[in-house]
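The values are calculated or read from the model by the stated rules, or taken from the named source; none is laboratory data. Predicted model only: the values in this text are computed from it and were never measured. In this analysis, Cβ positions are derived from the backbone assuming ideal geometry, glycine residues included, and neighbour counts consider all displayed protein chains.
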Amino acid sequence: EGENRILVQWAINNPINTNEETIAEIIKKRLSNVSGIPFIEIIREAFIAKKIIVVRRLLDTKVPVNDQIDILLILGDKNEALQRALTCGNNDLVLYVLMRIKADESPTEFMMRLEKIRSLPLSLHLQCLEEIERKKLHTDLIKKSPNEKEKIAYSCIIQRFGSPQIQNQKTELSNASKLFKEVKNDFIAHLVDDEQRLITRQDELEKKILNSLLKGLSLCATIEQLMMNNEREAEQLKKEFNMPDKRYWWIKIQVLAKKSAWSSLADFGKKPSSPIGYEPFIDICLKYGKLEEAKRYVDKSLYSSKLDEDRVPYMYAKVQ
């Protein structure tokens with residue numbers, strides 16, 4: 001793979017060979033049948049080098065259709081992006097492309113575009129029209145009654161849950177945050193911004209971690225899911241979102257118990273003073289029928305300096 005990457009760099013950036021058609025043919029001829037070649041990375045490299053013809057010629061070479069469409073939209077080739085989405089028959093992908101196009105066009109232009117698409121499923125056509133009307137309604141409401149901004153912001157949040165596309169969800173949340181800030185509701189705006197950051201990170205993590213399903217989960221549930229097999233990512237997310245230590249400890253002891261990692265749980269308990277005390281350690285052990293493990297946490301030789309003295313009698317009673 002390293003040799004192939006070197007070849008790609010040479011083919012794209014070779015000063016002797018400046019014909020982009022030839023560059024594309026060389027890459028396809030030498031690499032198209034080699035397993036493990038990340039053609040999307042080759043395309044991105046060509047795009048950075050401003051070799052647009054190379055980009056277009058390589059789009060059909062071992063590149064997933066959603067990546068093809070993203071590249072085409074970046075290039076501004078809306079019609080081709082839409083046609084490829086329609087051809088693959090994925091309605092969610094078609095809607096994603098249409099919403100991306102709508103963001104760059106006036107309502108009139110977008111309506112005319114919809115009228116020209118003969119192969120567009122009726123359900124998607126109606127959904128696009130509904131989206132146009134909703135945006136227009138919001139704009140009109142704000143003009144007539146600025147006091148309606150907060151209600152519209154909440155409607156954007158509700159709309160976010162009806163969209164399967166991450167980009168559409170982020171757009172709705174961004175609109176909501178902007179409106180909340182305009183009415184000086186900074187607390188809710190901050191929560192909305194955090195949610196937008198979370199769905200972005202969930203999307204990134206799903207692409208990075210094989211077989212991970214994180215979209216739609218809360219921050220706590222996301223961290224819990226990551227802790228099962230990717231604790232480093234869980235810790236990073238905790239830092240990014242400033243999760244309180246107490247909440248993080250609660251999640252971690254539950255995950256360790258689910259994994260039957262009793263030695264790890266004991267080691268975790270020996271860290272500097274637990275922000276949640278040690279009774280939760282006992283409770284989680286008892287929940288899984290591990291009485292002997294539970295007794296660890298009332299052993300004064302191990303935890304005497306850390307135990308909450310007021311709770312010691314109750315903790316002893318639980319493990320008898």
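Could you please find all residues in region 263-294 being touching a Cys at 6+ places or on another chain (Cβ under 9 Å) and within 25 Å of LEU237 (Cβ to Cβ)?
Step one: list which residues in region 263-294 are touching a Cys at 6+ places or on another chain (Cβ under 9 Å), which gives 265, 291-294.
If the condition is that a residue be touching a Cys at 6+ places or on another chain (Cβ under 9 Å) and within 25 Å of LEU237 (Cβ to Cβ), then LEU265 is the only one that fits.
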Original post:
Among ILE53, ILE69, ILE48, which is the only one that is in contact (Cβ under 8 Å) with a residue 24 or more places away in the chain, out of contact with any Lys or Arg (no Cβ under 8 Å at 6 or more places or on another chain) and aliphatic (A, V, I, L, M)?
Top reply: ILE53
Original post:
What number goes with the only condition from (1) in contact with a helix residue (DSSP H, G or I) (Cβ under 6 Å, 6 or more places away or on another chain); (2) over 19 Å from PRO313 (Cα atoms) that LYS259 does not pass?
Top reply: (1)
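Out of everything in region 165-192 that is of a type in the set (A, V, I, L, M) and part of a helix (DSSP H, G or I), what residue ends up being nearest to ASN242 (Cα to Cα)?
Going residue by residue through region 165-192, those that are of a type in the set (A, V, I, L, M) are 166, 173, 176, 179, 183, 188-189, 191-192.
The next check asks that each one be part of a helix (DSSP H, G or I); those that pass are 166, 173, 176, 179, 188-189, 191-192.
On the way: ILE166: 23, LEU173: 20, ALA176: 23, LEU179: 25, ILE188: 17, ALA189: 17, LEU191: 13, VAL192: 15 Å.
Here the residue is LEU191.
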Subject >> Members of region 154-176 found to be of a type in the set (Ser, Thr, Tyr) and under 18 Å from ALA103 (Cα atoms), listed by number >> reply: SER163, THR171, SER174
**OP:** Go through region 266-293 and give me each residue that's among the β-branched types (Val, Ile, Thr) and modelled with pLDDT under 85.
**Re:** ILE276
Original post:
Taking region 177-213 as the region of interest, how many residues are under 20 Å from ARG100 (Cα atoms) and acidic (Asp, Glu)?
Top reply: 2
Subject >> Subset of region 170-195 (residues that are surrounded by fewer than 19 Cβ atoms within 10 Å (Cβ to Cβ) and not charged (D, E, K, R)) >> reply: SER174, VAL183, ASN185, PHE187, ILE188, HIS190, LEU191
Subject >> Matching entry among LEU93, LEU98 (being of a type in the set (A, V, I, L, M), in contact with a Cys (Cβ under 7 Å, 6 or more places away or on another chain) and modelled with pLDDT under 85) >> reply: LEU98
Subject >> Scope region 267-286; condition within 33 Å of the chain's Cα centre (by Cα) and surrounded by 11 or more Cβ atoms within 10 Å (Cβ to Cβ); matching residues >> reply: ASP267, PHE268, GLY269, SER274, PRO275, ILE276, PRO280, PHE281, ILE284
